[in-house]
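Chemist: Just dropping this structure here.
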Amino acid sequence: MDRREENRVVRTICQECRAACPILVHVEDGRAVRLEGAPDPSGAAGKLCARASACLERLYSPTRLTYPLRRVGDRGGGEWERISWEEALDTVAGKLAGARDRYGAESVCLAKGIYGRKADYVSRLGNVFGTPNVTSIDNTCYIPSASARLMTYGFDGAPDLAGGPECVLCWGNSADPPLQEGAKLIVVNVLKTSAAERADIWLRPRPGTDLALALGMLNVIIGESLYDQEFVDLWTTGFERLERHVEEYPPERVAEITWVSAEKITAAARLFAGSHPGCLWNGNASEDTYNSTQCARAFAIIQAICGALDVPGGTVHTEGAILGEGGNRDILRHLLPPEQERKKLGADQGYFPPHQLWDQIVWKPVEIRPQHVLTAILEEKAYAVRALGIFGSNPLITWSNSRRVEKALRRVEFSFVVELVMTPTAALADIVLPAASYLETDAVVVARKATGAVCLEPQVEVVRTGECRSDLEIISSLAHRLGLGEYFASDLHGLLDDYLRPMGLTFDELRRRPGLVSSTLRYRKYLERGFNTPSGKVELYSSLCERWGYEPLPVYHEPEETPISAPEMLKEYPLVLTSTHEAEYVHSQDRYLQEIRRKKPEPLVSIHPETAAGLGIEEGDLVYVENRRGRITQKATLDAGIDPRVVSVGYGWWFPERGESGMFGWDEANLNVLTDDAPPYSPEMGSPKMRGFLCRVYKTQ
C-alpha cells in the first residue's frame, strides 16, 4: 500500500519548545488529522500543551509557503512568481558565488533564528563558504548567560528541579516551576506572574537593574557569612576581592537603584543562601541590556558561593558525546581562514572572546552582532554586505531598531529567506524558499529529560505539504551548487548520519532506539577533575575577563535614558518601558495561527490602574507608546501588579491578517520600533538596549 494512502499512527517529537515531548500523530489518507501525547521512554503518560495542539493548523494553514517564489515587483509590493526548486537554488547559489567572486566571501552574511541543531549547519555553510559573517540574536537571548557560566565555572549548567531544591529563585522568566513539598519560591519579575502570585518572596525591580539587585543579595550573603565556607575555601578563587567589591552594594543603596526595599533584598538573600540547595533559574529578561553578561556572572557567583553547583537540586552539568566533543567539530570552524576571521564584522569592537581561546571551553561560536550587519549594508563599514541569506528568522520584528532593519533589507543587493510562511522580512526578499515544519522532515532531537539525562530522539517525517523542504536539504543543495559538496552529504539521512557519527549511530538505528541516553547525570564531578577554568576552580574574580580586558568582577552600570541617568527626560517621558514575551508565542512566530490568536489575539501594554486613571486610559483602550525613536500602538490592560512607574509592552507582534500589501502591519505594534541599536553596547557581548528606557503612554485619537 502507498504510504500516503495508509492509515497509521506515527510517533515523533514535538518541536514547539525545548521540552521535546513525544507525540502520536494520526494519519488518514495521507493527511495528519489528530495529535495526542505519547508516553515517554519511562512510560509516563504524555499530554499536549497549547502550542502543540496548534501544530496541525500550522501544518495546513492556508498561509503556508508551499513552493519557491521570486520577486517580480518592488520589495514589499507583494508581487511574486512561482519558480521551480532548481531555478530557485541555482539563482541563490549564483548570487552568493557572484558576490564572493567579485567582493570576497565576507560580502555574504547568513542569518539564523531558533533552529536548534539546524542552526549549526548554517554556521557550517558559512565557514566552508569562507564568510565570517553569520548572525543571530544570540547576544540578547541565552548566550550571555551561557557564556557567563562558562567563564565562571566552566560549564553551561541547567537547573536540577527534579533533584529536590529547597528553594527555587526564578529570575526574569515566565516559568512556574514545580516545587517539592516544603520547598520555597523566590520570584524576580517586573510582572506579577502566576509564579509570583504563589511566591514566598516576590521582588519587582526597575527594568534593567537586575545586576544591582544580584550584587545587593551578594552583599547580604557574604556580609552575613551565609555562603558555603568549605566550598568557597576549596573550590573558588577571588573570594576576598569579591567580598571587598560587594561592600559597595549595601541593600539600602541597591534599594534606591532597583526600587526593591532593602528588607526584601535581605530576606531573599537569606532565604536562598539558607536553603540547601537553592536553585537559581534565570530567563533572558536581563540579557538585552548593557549589563547582560556581568549580570549573568553575578547569578553564577550566587549559585557557586552557596555551594549549589553540580549537586542534587542545584545547577548541574550534563555531558555526552553529542553535547560535548561533537559540537565544535561539526560546524567546521577550523576551515575558516584566519584572514577571513579577522574580517568579521565588529571584530574591532573588542567583544569576547578571541575564538582561539574561547573554543577551548565553549560548545559554539558567538555570532556577529546584527547591528554591525546593518551598518555594513547601509554605510558599507568596514565593507559592504552584498548578499543576505535568512534561515527561519524575522529580523524586521526581532532585531533592535526595526526602522533601520527595514532600510537595510530594502537596500541590500540580494536576499533570500527560508520560511514556513510569508513574514514581514520575507516580503522584502528576492527569493523565498518554503521550509518544512517539524512534522514534515526527519531530524535528530537532543532533549533534556526531567531525570537530568540527555536523550536522543528521532523526529520522524509524518507528511509533507506542497514542495516544502527541510532546512538541511536546502543548505546541502546550496553547498553542492557552490562546489562545497564534500562537506555536506547529498541527502537528508546522510546529513543526519554525519551528525550521529560521534555516537556510533545512524538515523535508522536511532529510529529503532528512541530515547537513547546520550548523557546521564552524575553529581559533584569537580571532585574528580576540578572545574574547566584556567585555575581549575570557580573563578569569582574571572581571569578570562581580566585577560580579555573586561571587568573581572561584576560592576553595575546605569543604562542610558533612565530616571537616574537622564532625569531631565522625565517630564516628557515619565514611564519606564519593559517588554513581555507572551507564553503563547516564541519571538515573532505563529501570529497567523487562529487557535493561538484566540488565546492571545492582540498586543497588550500593561499599565497600573492608578497610572492609567491619571492618563484617562481605561481597560481595552488603544494607546500609543512613544519614545525618542518612534511610536507604536497596543491595547491597554490594567494590571495592579505592575509598578505605577513602569509599563510592559507585548513583544514580537505583526499582523498576517493585514496582508502583504501593507507589509503585515510590521511597524504598528512592534516593540523594536522603540529600541535602539546604537552604542554603547554591553562590552562583552555587544547586547543592545532593549528595555529599561523611558517612554510615555497616551490614548489614540
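The values are calculated or read from the model by the stated rules, or taken from the named source; none is laboratory data. Just so we're clear, the structure is a prediction, and the values are computed from it rather than from any experiment. Every residue, glycine as well, gets a Cβ built from its backbone with ideal geometry; the counts of neighbours run over all protein chains shown. SASA here: full protein model, heavy atoms, side chains in, ligands and nucleic acids out. Shrake-Rupley method; radii C 1.70, N 1.55, O 1.52, S 1.80 Å.
Chemist: Here are some residues: 675, 633. Which one is in contact (Cβ under 8 Å) with a residue 60 or more places away in the chain, of a type outside the set (Asp, Glu) and not in a loop (DSSP other than H, G, I, E, B)? Quick ask: steps written out before the conclusion?
Modeler: Values: 675 fails: not in a loop (DSSP other than H, G, I, E, B).
The match here is 633.
Chemist: Scan segment 452-491 residue by residue and report those that are part of a helix (DSSP H, G or I), closer than 28 Å to residue 57 by Cα and open to solvent by 20 Å² or more (accessible area, probe 1.4 Å). Break it down stepwise before answering.
Modeler: If we filter segment 452-491 for residues that are part of a helix (DSSP H, G or I), which is where we start, we get 471-481, 485-487.
Next cut, closer than 28 Å to residue 57 by Cα only: 471-475.
Passing the criteria: only 473.
Chemist: When residue 517 is evaluated against the numbered criteria (1) outside any loop (DSSP other than H, G, I, E, B); (2) more than 28 Å from the chain's Cα centre (by Cα); (3) touching a residue at least 12 places away in the same chain (Cβ under 8 Å), which criterion, by number, is the only one it fails?
Modeler: All conditions pass for residue 517, except number (2).
Chemist: In segment 557-589, how many are closer than 19 Å to residue 283 by Cβ, open to solvent by 50 Å² or more (accessible area, probe 1.4 Å) and among the aliphatic types (A, V, I, L, M)?
Modeler: Adding up the residues that qualify gives 1.
Chemist: Would you pick out the residues in segment 540-561 that are modelled with pLDDT under 95, closer than 30 Å to residue 674 by Cα and aromatic (Phe, Trp, Tyr)?
Modeler: 550
Chemist: Just to be sure I understand, how many residues within segment 636-659 are among the polar types (S, T, N, Q) and either under 10 Å from residue 697 (Cα atoms) or touching a residue at least 60 places away in the same chain (Cβ under 8 Å) (or both)? Let's see the steps before the verdict.
Modeler: Initially, segment 636-659 is screened for residues among the polar types (S, T, N, Q), giving 637, 648.
Next, only the ones that are either under 10 Å from residue 697 (Cα atoms) or touching a residue at least 60 places away in the same chain (Cβ under 8 Å) (or both) stay: 648.
Of the residues in segment 636-659, 1 are among the polar types (S, T, N, Q) and either under 10 Å from residue 697 (Cα atoms) or touching a residue at least 60 places away in the same chain (Cβ under 8 Å) (or both).
Chemist: Identify all residues within segment 160-206 that are free of Cβ contacts under 8 Å to residues at least 40 places away in the same chain, open to solvent by 20 Å² or more (accessible area, probe 1.4 Å) and touching a helix residue (DSSP H, G or I) at 6+ places or on another chain (Cβ under 8 Å); write none if there are none.
Modeler: 176, 178, 202
Chemist: Given the conditions (1) touching a helix residue (DSSP H, G or I) at 6+ places or on another chain (Cβ under 8 Å); (2) more than 27 Å from residue 369 (Cβ to Cβ); (3) modelled with pLDDT of 95 or more, and given that residue 624 satisfies all but one, which numbered condition is not satisfied?
Modeler: Evaluating residue 624 over (1) touching a helix residue (DSSP H, G or I) at 6+ places or on another chain (Cβ under 8 Å); (2) more than 27 Å from residue 369 (Cβ to Cβ); (3) modelled with pLDDT of 95 or more leaves (1) as the failure.
Chemist: When you scan segment 50-71, do you find a residue that is open to solvent by less than 60 Å² (accessible area, probe 1.4 Å), free of Cβ contacts under 8 Å to residues at least 24 places away in the same chain and more than 23 Å from residue 443 (Cα to Cα), even just one?
Modeler: no
Okay, residues lined up against (1) on the phi > 0 side of the Ramachandran plot; (2) within 21 Å of the chain's Cα centre (by Cα); (3) of a type in the set (D, E, K, R):
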| residue | (1), (2), (3) |
| --- | --- |
| 633 | no, no, no |
| 664 | yes, no, no |
| 676 | no, yes, yes |
| 697 | no, no, no |
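Chemist: Shifting gears a bit: Of all residues in segment 231-273, how many are closer than 18 Å to residue 213 by Cα, outside any helix (DSSP H, G or I) and touching a residue at least 40 places away in the same chain (Cβ under 8 Å)? Talk me through it step by step, then tell me what you get.
Modeler: Keep residues of segment 231-273 that are closer than 18 Å to residue 213 by Cα, which gives 242-273.
Right, trim to outside any helix (DSSP H, G or I) and you get 247-250, 259-261.
Filter once more, so that each one left must be touching a residue at least 40 places away in the same chain (Cβ under 8 Å): 249, 259-260.
Going through segment 231-273 one residue at a time, the tally reaches 3.
Chemist: A further question follows. Take residue 123 and decide whether it is at pLDDT below 95 and farther than 30 Å from residue 693 by Cα.
Modeler: Details: at pLDDT below 95: yes; farther than 30 Å from residue 693 by Cα: yes.
The answer is yes for residue 123.
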